[in-house]
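Worksheet: the structure to be examined is printed underneath.
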Amino acid sequence: MEYTELADYPLPTGQLSTWQFTDDASQWSEDERSLSINHEDHLREVLRAEKNNAEQGLPSVSEDWIGGAFVIHQPLRTDAFREALRTWFSRHEAYRTTAVADGHNEATTSFTRYTLGSSAVDVSRNNFGIYKDDQLLRHEIHRHFAQHVNGIGWPHVTVATIEPEAFEAGAREPEAKRSDASHEHTSPEFTVIFAADHAVMDAYTQLFTIAELRELYAAAVDKREPALPPAGSYVDFCAGERAVTESASARERAVQEWKEFLTDANGYPAPPVFPLPIRSNVDSGSATPANQHPAQHSLSQWLLNEKDISQLGKRAKANGGSTKSALLTALKLALTELSPVPSARYIMPMHTRHEPKYMLSAGWFVGLMPIDDPLNGASSFTEAFSDTVQATKRHRDLSVYPYAAVSDTLHIDEPPRFVISYVDTRFIPGADAWGDRDRVLRSSVVSDDDVYIWLNRTGEGLNVSMRYPNNAQAEESIAAFLSRFAAIIHSVVTTGDYAAAVPARA
């Protein structure tokens with residue numbers, strides 16, 4: 001399982017169709033359950049972006065989504081797939097809710113939630129035609145997602161399918177002129193690509209959606225009940241998350257600890273950044289409109305196979321830690337060897353699905369925690385390991401307190417710039433059936449400062465996915481970092497340790 005952009009996904013050519021979710025307008029009702037702090041902050045950011053685009057004479061459409069792509073190894077049957085998508089929306093209240101701004105001040109406006117009943121959503125199929133060029137097909141999907149996925153305006157999810165051209169017998173006829181039966185057996189498989197606004201989907205939702213939609217489709221074809229456990233409502237979770245922020249003691253502690261992490265000893269802002277040079281040598285640092293910057297570069301690499309990552313996990317466990325802490329120790333050593341910093345400082349996403357009923361719920365169950373992992377004079381991986389174990393535990397409970405509430409209190413306008421995520425996908429439902437063309441996706445991002453690293457422990461080994469500034473200096477720094485990181489973990493796998501080569505510091 002890889003985490004990449006749509007631009008890096010091996011799209012098949014063929015018949016492109018999109019599946020539009022439609023509502024029964026009379027079924028919307030005002031919902032007293034509050035939005036989560038994260039959702040509210042996200043919507044304000046959407047409104048700010050729309051305002052900025054309007055002031056610059058730019059369209060309000062922007063590409064900002066997450067999703068996935070996978071293959072269903074059965075023919076595409078319109079009625080069955082429509083039924084699967086209807087059941088999908090019925091199953092997850094997050095997809096049947098939206099928020100309307102109560103004012104026009106994007107910085108302070110409040111929102112009112114509206115929700116649809118479980119049976120108030122229908123699905124229509126729209127055939128775009130047959131594409132023989134995968135780049136044209138990719139462009140059409142990008143355009144469709146950009147136009148139909150947004151935090152403001154329902155639906156917040158869209159789906160596309162591709163049927164291989166080699167099997168297109170009846171698909172050349174307009175939808176209205178052919179029966180569903182004429183299209184049922186045109187291909188032994190089809191590709192599904194889904195996209196959603198982050199407000200209703202997180203990384204775990206991306207992952208389990210693959211098996212979920214496969215089962216929903218199989219059940220619709222076989223005319224049986226889906227073999228899926230119930231999923232709790234993210235809308236209910238949002239109300240509970242907001243209640244956490246109403247605790248004065250929790251708020252004071254979270255704000256104080258984040259403040260200490262985000263400022264230096266003199267009280268000046270010191271948010272974590274990737275410590276190697278990533279700015280272009282020709283970039284003076286002057287303010288340039290975001291639309292004039294190139295999208296960030298994206299990469300995905302396999303660094304360890306299953307045998308080697310298992311060996312790394314065994315060595316970590318013997319030293320009182322985990323595979324995660326071993327990888328983060330290697331990351332700390334790579335950063336401190338290559339740059340003049342005494343510790344690895346970054347922000348780490350953590351899931352907040354702490355109640356069993358939310359384990360398979362669609363939604364944005366994500367908190368953030370600060371990590372400051374000092375080298376403390378360690379000269380080897382083994383010596384550095386225990387500090388990393390402690391660093392990843394120290395602020396773990398802060399993830400339940402929404403970072404958006406902290407940044408609002410501390411008047412922080414910038415989003416996190418250096419983020420490292422670790423996900424173990426081996427136990428996600430359906431993981432054992434994932435193939436080479438099953439993948440979670442993200443949209444492109446424009447930024448001259450962000451470095452995001454995703455460490456993915458899969459049944460195949462260790463995959464590292466990254467996005468970073470698209471310039472020669474950043475490419476050089478990222479290549480050096482990945483090379484050193486890989487060398488460290490391979491040394492630990494093969495020898496059990498790594499002798500750090502930390503430069504002398506003034």
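The values are calculated or read from the model by the stated rules, or taken from the named source; none is laboratory data. Computed from a predicted model, the values in this text were never measured in an experiment. Every residue, glycine among them, receives a Cβ derived from its backbone with ideal geometry; neighbour counts consider all protein chains shown. To get the accessible areas, we keep the full protein, side chains included, count just its heavy atoms, and leave off ligands, DNA and RNA. Shrake-Rupley method; radii C 1.70, N 1.55, O 1.52, S 1.80 Å.
Overview of results
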quantity: The one condition in (1) over 30 Å from Ser343 (Cβ atoms); (2) modelled with pLDDT of 95 or more that Ala243 fails to fulfil; calculated: (2)
quantity: So Asp408, is it within 30 Å of Tyr9 (Cβ to Cβ) and either open to solvent by less than 20 Å² (accessible area, probe 1.4 Å) or modelled with pLDDT under 95 (or both); calculated: no
quantity: Condition met for Phe485 (open to solvent by less than 60 Å² (accessible area, probe 1.4 Å) and under 25 Å from the mean Cα position of the chain (by Cα)); calculated: yes
quantity: Answer from Asn470, Asn463 - the residue that is part of a loop (DSSP other than H, G, I, E, B) and touching a strand residue (DSSP E or B) at 6+ places or on another chain (Cβ under 6 Å); calculated: Asn470
quantity: Subset of segment 198-236 that is outside any helix (DSSP H, G or I) and hydrophobic (A, V, I, L, M, F, W, C) - its residue that is least open to solvent (accessible area, probe 1.4 Å); calculated: Met201
quantity: Residue in segment 373-386 that is surrounded by 20 or more Cβ atoms within 10 Å (Cβ to Cβ) and part of a strand (DSSP E or B) present; calculated: yes
quantity: Matching residues, segment 125-142, being within 16 Å of Glu165 (Cα to Cα) and assigned to a strand (DSSP E or B); calculated: Asn127, Phe128, Gly129, Ile130, Tyr131
quantity: Residue in segment 275-289 that is open to solvent by 20 Å² or more (accessible area, probe 1.4 Å) and either closer than 17 Å to Val464 by Cβ or touching a strand residue (DSSP E or B) at 6+ places or on another chain (Cβ under 7 Å) (or both) present; calculated: no
quantity: Evaluation of Met348 against (1) touching a Leu at 6+ places or on another chain (Cβ under 8 Å); (2) of a type outside the set (Asp, Glu); (3) open to solvent by 20 Å² or more (accessible area, probe 1.4 Å) (one fails), failing number; calculated: (3)
quantity: Segment 413-431 - residue that is open to solvent by 50 Å² or more (accessible area, probe 1.4 Å) and out of contact with any helix residue (DSSP H, G or I) (no Cβ under 6 Å at 6 or more places or on another chain) and, of those, modelled with the lowest pLDDT; calculated: Asp413
quantity: Entirely in segment 1-89, the strands (runs of 3 or more DSSP E) that have 2 or more residues that are open to solvent by less than 70 Å² (accessible area, probe 1.4 Å) and more than 30 Å from Gly103 (Cα to Cα); calculated: 2-5, 14-23, 66-72
quantity: Given (1) surrounded by 18 or more Cβ atoms within 10 Å (Cβ to Cβ); (2) modelled with pLDDT of 95 or more, index of the condition Gln301 fails; calculated: (1)
quantity: Residues of segment 119-169 that turn out to be of a type in the set (Gly, Ala, Ser) and surrounded by 15 or more Cβ atoms within 10 Å (Cβ to Cβ), as a count; calculated: 4
quantity: Filter result for Lys324 (open to solvent by 10 Å² or more (accessible area, probe 1.4 Å) and assigned to a helix (DSSP H, G or I)); calculated: yes
quantity: Enumeration of residues in segment 308-366 that are within 21 Å of Pro429 (Cα to Cα), in contact with a Pro (Cβ under 9 Å, 6 or more places away or on another chain) and hydrophobic (A, V, I, L, M, F, W, C); calculated: Met359, Leu360, Val366
